[in-house]
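The values are calculated or read from the model by the stated rules, or taken from the named source; none is laboratory data. Since we're looking at a predicted model, the values are computed, not measured. Every residue, glycine as well, gets a Cβ built from its backbone with ideal geometry; the counts of neighbours run over all protein chains shown.
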Amino acid sequence: MAYQLSWLLENRILLIRYQGTLTLKDLETYLPEAARMRDQANAFLGANGPLVHTITDASQMEKNAISLPEALQATRLTVNNQQRVGWSVYISAGVIDRFFSTAGHQLAGVRYRAVDSIDEAVAFLKSVDDTLSDFVLPPA
């Protein structure tokens, strides 16, 4: 498994970590899992509740074995456009990874920001979502 899903902040900030080589099979497995987690959080938070944000940490990813067209196709097939989704914040493995991630998120029409660290990701989310102002990143 080249990914791990967890809540950084229960029902508010979903954390996805990539390790090693990320494959199309990984993407096709974790996208529906992440969508289910967001659906459950949206149900818990209510119809007018706060948005659920995602931080993807690819800093430990060694290789992305997925082409941009494959990633877009997998996303279109598995992501529910009815979800109340907040920002997608991406911590990249490198310059080329950041370029493809930026392009993919733009094509998917997602609110997106690329950053260099988990601290920067949390600071950004706190700057755009005042309901997170009291959140403190737990120690590693």
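Of the numbered criteria (1) at pLDDT 90 or above; (2) surrounded by 15 or more Cβ atoms within 10 Å (Cβ to Cβ); (3) of a type in the set (A, V, I, L, M), the one residue 74 fails is (1). Scanning segment 2-16 for residues that are within 16 Å of residue 66 (Cβ to Cβ) and modelled with pLDDT of 90 or more returns a single hit, 16. Restricting segment 5-23 to residues that are closer than 18 Å to residue 137 by Cα and not aliphatic (A, V, I, L, M) leaves a set whose member that is surrounded by the most Cβ atoms within 10 Å (Cβ to Cβ) is 12.
Residues being in a loop (DSSP other than H, G, I, E, B), aliphatic (A, V, I, L, M) and farther than 25 Å from residue 129 by Cα: count how many of those fall in segment 31-73.
Let us first name the residues in segment 31-73 that are in a loop (DSSP other than H, G, I, E, B), namely 46-51, 65-67.
Among the residues that remain, those that are also aliphatic (A, V, I, L, M) are: 47, 51, 65-66.
Next, from what is left, pick out any that are farther than 25 Å from residue 129 by Cα: 65-66.
Final tally of qualifying residues: 2.
Taking the conditions exactly as written (of a type in the set (Gly, Ala, Ser) and under 29 Å from residue 139 (Cα atoms)), does residue 104 satisfy them or not? It is false that residue 104 is of a type in the set (Gly, Ala, Ser) and under 29 Å from residue 139 (Cα atoms).
Tell me, which residue of segment 90-130 that is among the hydroxyl-bearing types (Ser, Thr, Tyr) and either at pLDDT 95 or above or assigned to a loop (DSSP other than H, G, I, E, B) (or both) is nearest to residue 52 (Cα to Cα)?
The qualifying residue nearest to residue 52 (Cα to Cα) is 127.
The sole residue among 95, 89, 85, 110 that is buried (at least 19 other Cβ atoms within 10 Å of the Cβ), free of Cβ contacts under 8 Å to residues at least 40 places away in the same chain and not aromatic (Phe, Trp, Tyr) is 89. Annotation note: Cβ proximity below 7 Å between a residue of segment 19-30 that is outside any strand (DSSP E or B) and a residue that is small (Gly, Ala, Ser) and surrounded by 17 or more Cβ atoms within 10 Å (Cβ to Cβ) (sequence gap 6+ or interchain) occurs for 23/2; 24/74; 26/2; 27/71; 27/74; 28/74.
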